[in-house]
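Structure, as structure tokens:
The values are calculated or read from the model by the stated rules, or taken from the named source; none is laboratory data. Just so it is clear, the structure is predicted and the values come from calculations on it, not from any experiment. Glycine also receives a Cβ, built like all others from the backbone with ideal geometry; neighbour counts cover every protein chain displayed. Note: accessible area is taken over every heavy atom of the protein model, side chains too, but ligands, DNA and RNA are not part of it. Shrake-Rupley method; radii C 1.70, N 1.55, O 1.52, S 1.80 Å.
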Amino acid sequence: MPDSLTCPGLDAPLTIRRDAFGIAHIDAATEHDAWFGQGFAAAQDRLWQMEYDRRRAVGRWSEAAGPAGLPSDRMAKRLGIEGAARHDLQMMAADVLAMFEAYAAGVNAYLESGPALPPEYALTGIAPEPWEPWHSAAVFKIRHVLMGLWQWKMACAGLLARVGPDAWRQLQFLPPESSAVILPPGGAISQLFTDANEEITVCAEHLGFVSEISAGSNSWVVSGSRTTTGKPVLCNDSHRALDVPNAYWQVHVSCPAFNVAGATFAGFPGFPHFGFNGSVGWNITHTQGDYQDLYIEKFRGAEGGEYLTEQGWRGAERSSHTIHVRGAAPETMETWATRHGPVVHGDPRSGVAISLRYTALTGHNRPFDALRKMLSAGTVPELFDSQRSWVDPVNNLVAADTGGNIGFMVRGELPIRASSAGRRLPVPGWTGEHEWVGPVPFEQMPRTINPPEGFVSTANQRVIPGDEPYISAYFASPARADRLVELLGNGDTLTPEQVAGFQDDQVSRPARKWGRFLATQGPFTGDAERARWMLASFDGDLQPDRPEPLLYAYFRRALMRELFSPMVGEAAWDWLSTDPNPGLGRIAGGLIAEYVAHLDDGVEPPAGRSWAEVLAPALERGWAQAVALGGDNPAQWRWGDRHTTASKHPLSAVFPDAGLDPPRIAIGGDADTLKNATYGLSGKNDFVLTSVSVYRQVIDFDRPDDASYIVPGGASGDPGSAHFADQLESWARCERLPMHRLAEQARAAAKAEVILNP
């Protein structure tokens, strides 16, 4: 690209500088031009990723991927994201709408400049289309529609249908409140749950819920009262599926109205999740909030044209769609919607189907109005007050400011329900007993500023001890949250380097706890005793060059089968531990977390077995598997030899020889460690990672101009670019790159620049 370019629509010349890692630093004379520049730079770096997200959001991925994309396109059509995104634009405040319009203009200016297109366009035979402002809203929605509890509730329903209520009641992690109102899991309803879980499985890859994901995110902030500098330190470690390219894109946008650096989604203006504006820094974790309910609907008529309500039969909204498929004939499909929302599973013509009620699809809100206000916030209280209109997803927002404030709040829309029956399972949609009666008022959402403990830490754990307001029936395993409290809650005064260094912590509290428990058991014989002896002295530090983590990982898998298959049956356990619906992984993770939590309390194994009957075969199997893959000498085992990244481009299965995937790299940790590195429970891919930290950020308010960040990949989405994976090795070592947020820093760091002229 030339050093200068004419772009009609700009107010003044605009400079985009690139540092040594190709990260864009946008220097604009007006706010309009700032968003124009962000859109232009995003298209430069991640045009194909934007194409992918836009197409999968609206059900057009098959045009690129061929028949492999059909399952996800069918689900996207059912969800109706396009209509919801268009409606969001209609509801936007004027200044936010201007952001989206200027951003789209910047994307289109790049397309009109005649650039060399990413290789995926030639592979698929498609061409980029103009970017419309509503596309950005659609991109945001597809990145979050599957982060709620929809799949978990469907997985719970499928498990209940398979094992029956008696076995269900033994699973302490799962029994629902008000279970008497749940439909009996028999006949057509049981089959509906089975079919729905299968549908989730086949569309999982392209809709974004990669199989067996059980991780979340970490975020912590330490007050100046607890640091050696007297200033706060803010850190985050966000976990998602290991996309290609990485889910988050680093960028720095500056104009007279604001100067912000951080990370966002390519295709979306602003900094909704991670940013620093010179006064306030913010980051988020997922609250695991419950803002999606599933309703079993009764339909009648040959075309499923009516559904039952407590007032009688009502007409369903019905639409027809055509999905075009690369290399195949187009497919026509129909979608339905009820008062609760889109029908996402089942065929209404059969008489029964499942609809989804979801805050982001209701159409009454203004979810993006907070975006602009965040950038000008001068304090933590101002930042929090700007979140009044935030809807989806429900986040733990953690922040600090240059005045020394730290804080935490839950942002987003949580519904108040007429009953608690839908907290874990789908509920009848025709009784009127399980409706939403309004949102939790903004003032009642959990919040704290400058807590007396001097720190806040979030890791997807339970937010409040009680149930008012109701947040969720599901939270992540407390291992990461407990580890943060262990590190931060002892009253020590910490250096900024110590606070940031926790991003590299690979100690698993469950591994350490099982080791201590095994020291009290046995002795056993043979391989079981060899494994017990090795793990009994294990400190739980899952470093990649150590042998114990490999044995622990095999033992943990075998232990879960020994504990839970007698309760639910071998077939149900196989389904629970191998199906790609990530809700199933959440169930399995919750079950083992319950046992870890009570190991010191004398908990006994289920089904009347002794610990010796459970542990001996699990240890023996774990040892045998470690020997089979690592050799007879345990001293030569290495966790990192089996525990590696394996990022997959969305098209690599369709074009396996195109060289679209980045290199692999070994790391330590697991789903229970702060340095998160999740692998699947089934073992079908050994310990290949499914989820990792996708963005790390540190802001030390003693040296705010030295804020830093890192991603497991690079700024560019082009596999041929030098910046496709140039951050990967630094990321694996938990190093970070400087943000260069100040103008003089960005100029000094620039390795290339382009000037866009009006």
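See the values below:
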{"read-out": "Residue 546 being under 30 Å from residue 412 (Cα atoms), of a type in the set (Lys, Arg) and surrounded by 15 or more Cβ atoms within 10 Å (Cβ to Cβ)", "value": "no"}
{"read-out": "Candidates 429, 346, 422, filtered to the one that is out of contact with any His (no Cβ under 9 Å at 6 or more places or on another chain) and either more than 26 Å from residue 85 (Cα to Cα) or buried (at least 20 other Cβ atoms within 10 Å of the Cβ) (or both)", "value": "346"}
{"read-out": "Failed condition for residue 437, given (1) open to solvent by less than 30 Å² (accessible area, probe 1.4 Å); (2) out of contact with any Gly (no Cβ under 6 Å at 6 or more places or on another chain); (3) assigned to a strand (DSSP E or B); (4) over 15 Å from residue 286 (Cα atoms)", "value": "(1)"}
{"read-out": "Residue check, residue 524 under 30 Å from residue 421 (Cα atoms) and either among the aromatic types (Phe, Trp, Tyr) or touching a His at 6+ places or on another chain (Cβ under 8 Å) (or both)", "value": "no"}
{"read-out": "Yes/no for residue 161 being at pLDDT below 50 and assigned to a helix (DSSP H, G or I)", "value": "no"}
{"read-out": "Per-region count, the range 385-433, residues closer than 28 Å to residue 313 by Cβ and part of a loop (DSSP other than H, G, I, E, B)", "value": "10"}
{"read-out": "Test set (1) among the polar types (S, T, N, Q); (2) open to solvent by 10 Å² or more (accessible area, probe 1.4 Å); (3) out of contact with any strand residue (DSSP E or B) (no Cβ under 6 Å at 6 or more places or on another chain); (4) within 30 Å of residue 420 (Cα to Cα) - residue 259 fails condition number", "value": "(4)"}
{"read-out": "Helices (runs of 4 or more DSSP H) within the range 85-142 that include 3 or more residues of a type in the set (A, V, I, L, M) and either closer than 13 Å to residue 54 by Cβ or without any contact (Cβ under 8 Å) to a residue 24 or more places away in the chain (or both)", "value": "94-112, 133-142"}
{"read-out": "Condition met for residue 472 (among the hydroxyl-bearing types (Ser, Thr, Tyr) and within 16 Å of residue 675 (Cα to Cα))", "value": "no"}
{"read-out": "Residues satisfying the stated conditions in the range 570-595, i.e. over 15 Å from residue 475 (Cα atoms) and not acidic (Asp, Glu)", "value": "571, 572, 573, 575, 576, 577, 578, 580, 581, 595"}
{"read-out": "Residue 464, sole failed condition from (1) closer than 16 Å to residue 231 by Cα; (2) open to solvent by less than 50 Å² (accessible area, probe 1.4 Å); (3) free of Cβ contacts under 8 Å to residues at least 40 places away in the same chain; (4) not acidic (Asp, Glu)", "value": "(1)"}
{"read-out": "Residue satisfying condition, being under 30 Å from residue 33 (Cα atoms), open to solvent by 30 Å² or more (accessible area, probe 1.4 Å) and in contact (Cβ under 8 Å) with a residue 40 or more places away in the chain, within set 661, 726, 706", "value": "726"}
{"read-out": "Residue satisfying condition, being within 20 Å of residue 680 (Cβ to Cβ), touching a residue at least 24 places away in the same chain (Cβ under 8 Å) and surrounded by fewer than 22 Cβ atoms within 10 Å (Cβ to Cβ), within set 576, 563, 551", "value": "563"}
{"read-out": "Pair list, Cβ under 8 Å, 6 or more apart: the range 437-458 residue touching a residue at least 24 places away in the same chain (Cβ under 8 Å), other residue of a type in the set (D, E, K, R) and part of a loop (DSSP other than H, G, I, E, B)", "value": "439/413; 440/413; 442/388"}
{"read-out": "Conditions (1) at pLDDT 95 or above; (2) crowded, with 23+ Cβ neighbours inside 10 Å: number failed by residue 677", "value": "(1)"}
{"read-out": "Single residue of the range 353-373 satisfying the filter (open to solvent by less than 20 Å² (accessible area, probe 1.4 Å) and among the hydrophobic types (A, V, I, L, M, F, W, C)) that is modelled with the lowest pLDDT", "value": "360"}
{"read-out": "Hits in the range 1-52 - residues which are open to solvent by less than 10 Å² (accessible area, probe 1.4 Å), in contact with a Lys or Arg (Cβ under 7 Å, 6 or more places away or on another chain) and either under 30 Å from residue 124 (Cα atoms) or small (Gly, Ala, Ser) (or both)", "value": "24"}
{"read-out": "Top-ranked residue of the range 123-147 - restricted to ones that are out of contact with any strand residue (DSSP E or B) (no Cβ under 9 Å at 6 or more places or on another chain), under 30 Å from residue 583 (Cα atoms) and of a type in the set (A, V, I, L, M), ranked as surrounded by the fewest Cβ atoms within 10 Å (Cβ to Cβ)", "value": "146"}
{"read-out": "Sole residue being part of a loop (DSSP other than H, G, I, E, B) and small (Gly, Ala, Ser), chosen from 281, 230", "value": "230"}
{"read-out": "Hits in the range 686-697 - residues which are open to solvent by 10 Å² or more (accessible area, probe 1.4 Å) and either over 20 Å from residue 666 (Cα atoms) or touching a helix residue (DSSP H, G or I) at 6+ places or on another chain (Cβ under 7 Å) (or both)", "value": "686"}
{"read-out": "Subset of the range 606-622 [in a loop (DSSP other than H, G, I, E, B) and either of a type in the set (Phe, Trp, Tyr) or without any contact (Cβ under 8 Å) to a residue 40 or more places away in the chain (or both)]", "value": "608, 610"}
{"read-out": "One residue from 476, 528, 481 being open to solvent by less than 30 Å² (accessible area, probe 1.4 Å), of a type in the set (A, V, I, L, M, F, W, C), in contact with a strand residue (DSSP E or B) (Cβ under 9 Å, 6 or more places away or on another chain) and assigned to a helix (DSSP H, G or I)", "value": "481"}
{"read-out": "Flag if residue 401 is acidic (Asp, Glu) and over 15 Å from residue 145 (Cβ atoms)", "value": "yes"}
{"read-out": "Some residue of the range 97-107 being crowded, with 20+ Cβ neighbours inside 10 Å, under 16 Å from residue 367 (Cβ atoms) and of a type outside the set (Phe, Trp, Tyr)", "value": "yes"}
{"read-out": "One residue from 514, 533 being open to solvent by 30 Å² or more (accessible area, probe 1.4 Å) and at pLDDT 95 or above", "value": "533"}
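Condition check ((1) of a type in the set (A, V, I, L, M, F, W, C); (2) outside any loop (DSSP other than H, G, I, E, B); (3) modelled with pLDDT of 70 or more) across all residues:
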site	(1), (2), (3)
189	yes, yes, yes
197	no, yes, yes
201	no, yes, yes
209	yes, no, no
213	yes, no, no
